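Enquirer: My structure is below; once you've seen it, I'll send some questions.
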Amino acid sequence: MKVMHVITGLTTGGAETQLALLLRHTTTSPVVVALSNADEVAGVIRRDGFDVYDLGMRHNHELRALARLTRLISRHRPDIVHVHLYRATLYGRIAARLAGVKTVITTEHSLLEGQVEGRRTSFMVKALYMATEPFSTATIAVSGDVAGRLSRWGVPKAKLHVIPNGIDMETLSSASRPDTENRDAFRKRFDIAPDVKLVGGIGRLHRAKEWDLLLRALAADLNAELQVMLVGAGDDESRLREVIARLGIDSWVHLTGAIPEIETALSAVDVVVSTAPQETFGLALVEAAVAGRPVVYVHSPGLDRVGELSGVVKVTAQASAIRAAVLEAVREPLRPPRSAFAEYDIASVARQVDGLYETCYAATLHSRAAKP
């Protein structure tokens with residue numbers, strides 16, 4: 001079965017990394033199209049042996065890109081078009097219909113309450129999504145939270161399928177084993193001593209993540225022995241640097257930028273924290289737990305689905321609660337049990353996605369055969 005994946009971009013991010021992992025485990029023959037920014041993750045996908053096309057879009061209303069995408073789909077003649085992220089969903093659904101592809105799968109990675117991919121969900125955003133929704137055969141929601149929001153938007157429940165994000169259990173499990181050489185080498189890149197207790201925040205530097213709440217919660221406790229590392233890039237970096245300077249903690253907070261080798265970053269930190277009040281899944285937190293790192297978090301459907309675990313602490317979005325939980329995790333680190341996350345193994349997740357492909361494609365063939 002030939003599947004064309006259409007995604008908004010391929011810079012380092014959760015949805016982009018998910019796609020790269022899925023391609024390694026699918027039984028289909030995939031090809032990938034990025035509307036723009038076929039960057040770091042595109043390189044990973046190409047090294048894995050898959051073709052990646054970059055349409056080179058420069059703005060959101062570029063109809064020439066729709067024509068190019070339609071021609072590309074017509075040339076490759078995939079059995080299924082699988083769209084990821086909002087802009088690619090709109091363009092990919094329409095292009096698939098124009099190219100005559102009847103089976104279209106949508107994965108919704110980034111829909112929060114009132115936000116989609118970090119932007120406000122205006123009436124027009126919803127209207128455009130729902131206008132193209134009839135072109136989609138089925139929609140994958142990465143969590144029950146996301147499925148509920150899509151249902152409230154008007155997506156028929158019969159078309160919704162909850163399939164969680166997948167993780168590379170084997171690679172992340174290796175990060176839980178002692179590797180002093182790699183750990184120290186990663187820390188050395190940011191001038192962090194081997195014996196420092198390092199609190200890690202992993203994810204995009206976006207205002208919705210509320211990293212400044214973590215900084216304010218720990219500001220009075222940071223010193224040469226306890227420091228913070230924010231692993232990720234984003235448009236909130238300059239504001240966060242201002243917050244760091246205002247709090248006077250410049251020497252104790254490290255911003256790494258985008259780091260593709262997440263398992264190496266995880267091996268360098270002692271505790272992972274998320275202060276985001278909303279997450280569609282909380283992939284980085286699940287990865288941290290599988291890597292054996294204590295986790296303190298405000299919201300994560302991925303962790304909530306598993307239930308209470310040692311080494312995983314849910315807190316309210318208050319500085320005092322975050323501070324107390326983080327300091328306790330630093331003092332007495334507990335390793336979360338990897339076995340609790342078996343359902344998130346990427347091989348299992350890929351089988352579910354492939355199964356949905358087969359079901360939807362068979363239904364399309366049956367529908368065509370039934371027509372007079």
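Enquirer: Hey, any hits in segment 161-183 for a residue that's closer than 16 Å to I105 by Cβ and open to solvent by 40 Å² or more (accessible area, probe 1.4 Å)?
Expert: Yes, segment 161-183 has at least one match.
Enquirer: Do you know which residues across segment 68-117 are basic (K, R) and within 26 Å of Q352 (Cβ to Cβ)?
Expert: Hits for segment 68-117 are R77, R87, R93, R97, K102.
Condition check ((1) over 21 Å from the mean Cα position of the chain (by Cα); (2) open to solvent by less than 10 Å² (accessible area, probe 1.4 Å); (3) over 17 Å from H299 (Cβ atoms); (4) not small (G, A, S)) across all residues:
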| site | (1), (2), (3), (4) |
| --- | --- |
| V196 | yes, yes, yes, yes |
| G200 | no, yes, yes, no |
| G203 | no, no, no, no |
| K209 | no, no, no, yes |
| R216 | yes, no, yes, yes |
| N223 | yes, no, yes, yes |
| V228 | yes, yes, yes, yes |
| A233 | no, no, yes, no |
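Enquirer: Considering only segment 335-345, I want to know if a residue exists there that is of a type in the set (A, V, I, L, M, F, W, C) and within 30 Å of G114 (Cβ to Cβ).
Expert: So in segment 335-345, the residues of a type in the set (A, V, I, L, M, F, W, C) come out as 340-342.
Cutting the leftovers down to within 30 Å of G114 (Cβ to Cβ) gives us 341.
Yes, some residue in segment 335-345 is of a type in the set (A, V, I, L, M, F, W, C) and within 30 Å of G114 (Cβ to Cβ).
Enquirer: Looking at segment 160-182, which of its residues are in contact with a strand residue (DSSP E or B) (Cβ under 6 Å, 6 or more places away or on another chain) and either free of Cβ contacts under 8 Å to residues at least 24 places away in the same chain or part of a strand (DSSP E or B) (or both)?
Expert: If we filter segment 160-182 for residues that are in contact with a strand residue (DSSP E or B) (Cβ under 6 Å, 6 or more places away or on another chain), which is where we start, we get 160-163, 169.
Those that are in contact with a strand residue (DSSP E or B) (Cβ under 6 Å, 6 or more places away or on another chain) and either free of Cβ contacts under 8 Å to residues at least 24 places away in the same chain or part of a strand (DSSP E or B) (or both): L160, H161, V162.
Enquirer: Let me ask you something else. F123 fails exactly one of the following numbered conditions: (1) among the aromatic types (F, W, Y); (2) in contact with a strand residue (DSSP E or B) (Cβ under 6 Å, 6 or more places away or on another chain); (3) open to solvent by 40 Å² or more (accessible area, probe 1.4 Å). What is the number of that condition?
Expert: So the condition that F123 fails would be (2).
Enquirer: How many of the residues making up segment 106-156 are in a loop (DSSP other than H, G, I, E, B) and of a type in the set (D, E, K, R)? Can you show your working first?
Expert: Of the residues in segment 106-156, the ones in a loop (DSSP other than H, G, I, E, B) are 109-110, 113-114, 117-118, 121-122, 136-137, 142-143, 154-156.
Right, trim to of a type in the set (D, E, K, R) and you get 113, 117.
Total meeting the criteria: 2.
Enquirer: Moving to a separate point now. Looking at segment 332-372 only, could you name the residues that are of a type in the set (A, V, I, L, M, F, W, C) and open to solvent by 50 Å² or more (accessible area, probe 1.4 Å)? Give the derivation first.
Expert: First, pick out the residues of segment 332-372 that are of a type in the set (A, V, I, L, M, F, W, C): 334, 340-342, 346-347, 349-350, 353, 356, 360, 362-363, 365, 369-370.
Residues satisfying the conditions are L334, A342, A362, A363, L365, A369, A370.
Enquirer: Out of A158, A141, which single residue is buried (at least 19 other Cβ atoms within 10 Å of the Cβ) and not aromatic (F, W, Y)?
Expert: Working: A158 fails: buried (at least 19 other Cβ atoms within 10 Å of the Cβ).
Within the list A158, A141, the selection yields A141.
Enquirer: Being among the hydroxyl-bearing types (S, T, Y) and either touching a Cys at 6+ places or on another chain (Cβ under 8 Å) or closer than 12 Å to P301 by Cα (or both) is the filter here; which residues of segment 141-170 pass it? Show your work before the answer.
Expert: The first filter runs over segment 141-170 and keeps only residues among the hydroxyl-bearing types (S, T, Y), leaving 143, 151.
Once the filter is applied, which keeps residues that are among the hydroxyl-bearing types (S, T, Y) and either touching a Cys at 6+ places or on another chain (Cβ under 8 Å) or closer than 12 Å to P301 by Cα (or both), segment 141-170 yields only S143.
Enquirer: Here are some conditions: (1) farther than 22 Å from L85 by Cβ; (2) open to solvent by less than 30 Å² (accessible area, probe 1.4 Å); (3) under 16 Å from the mean Cα position of the chain (by Cα). I249 meets all but one. Which one does it not meet?
Expert: (3)
Enquirer: What number goes with the only condition from (1) outside any helix (DSSP H, G or I); (2) under 15 Å from M169 (Cβ atoms) that L334 does not pass?
Expert: L334 satisfies all of (1) outside any helix (DSSP H, G or I); (2) under 15 Å from M169 (Cβ atoms) except (2).
Enquirer: Within segment 284-291, identify whether any single residue is farther than 20 Å from A147 by Cβ and surrounded by fewer than 21 Cβ atoms within 10 Å (Cβ to Cβ), and answer yes or no. So that I can check it myself, show each step before the final result.
Expert: From segment 284-291, those farther than 20 Å from A147 by Cβ are 284, 287-291; that's our starting set.
From what is left, the residues that are surrounded by fewer than 21 Cβ atoms within 10 Å (Cβ to Cβ) are none.
Checked segment 284-291: no residue is farther than 20 Å from A147 by Cβ and surrounded by fewer than 21 Cβ atoms within 10 Å (Cβ to Cβ).
Enquirer: Go through segment 288-306 and give me each residue that's of a type outside the set (A, V, I, L, M, F, W, C) and under 11 Å from P336 (Cα atoms).
Expert: Pass one, segment 288-306, residues of a type outside the set (A, V, I, L, M, F, W, C): 292-294, 297, 299-302, 304-305.
Answer for segment 288-306, where residues must be of a type outside the set (A, V, I, L, M, F, W, C) and under 11 Å from P336 (Cα atoms): G292, R293, P294.
Enquirer: I would also like to ask the following. Can you name the number of the only condition in (1) under 27 Å from L19 (Cβ atoms); (2) aliphatic (A, V, I, L, M); (3) open to solvent by less than 10 Å² (accessible area, probe 1.4 Å) that L240 fails?
Expert: Result: L240 fails condition (1) only.
Enquirer: May I ask you to verify whether L222 is within 30 Å of G144 (Cα to Cα) and among the aliphatic types (A, V, I, L, M)? Before the answer, list the steps.
Expert: Values: within 30 Å of G144 (Cα to Cα): no; among the aliphatic types (A, V, I, L, M): yes.
When the stated conditions are applied, L222 does not pass them.
Enquirer: Same structure again: Provide a single number: the residues in segment 106-115 that are surrounded by fewer than 23 Cβ atoms within 10 Å (Cβ to Cβ) and out of contact with any Lys or Arg (no Cβ under 9 Å at 6 or more places or on another chain).
Expert: 2
Enquirer: Looking at R47, R75, R87, which is the one that is out of contact with any strand residue (DSSP E or B) (no Cβ under 6 Å at 6 or more places or on another chain), more than 28 Å from E261 (Cβ to Cβ) and charged (D, E, K, R)? Write out each step before concluding.
Expert: Values: R47 fails: more than 28 Å from E261 (Cβ to Cβ); R87 fails: more than 28 Å from E261 (Cβ to Cβ).
Of the residues listed, the single one that is out of contact with any strand residue (DSSP E or B) (no Cβ under 6 Å at 6 or more places or on another chain), more than 28 Å from E261 (Cβ to Cβ) and charged (D, E, K, R) is R75.
The values are calculated or read from the model by the stated rules, or taken from the named source; none is laboratory data. As the structure is a computational prediction, the values presented were derived from the model and not from experiment. Positions of Cβ are backbone-derived with ideal geometry, glycine not excepted, and every protein chain shown enters the neighbour counts. Note: accessible area is taken over every heavy atom of the protein model, side chains too, but ligands, DNA and RNA are not part of it. Shrake-Rupley method; radii C 1.70, N 1.55, O 1.52, S 1.80 Å.
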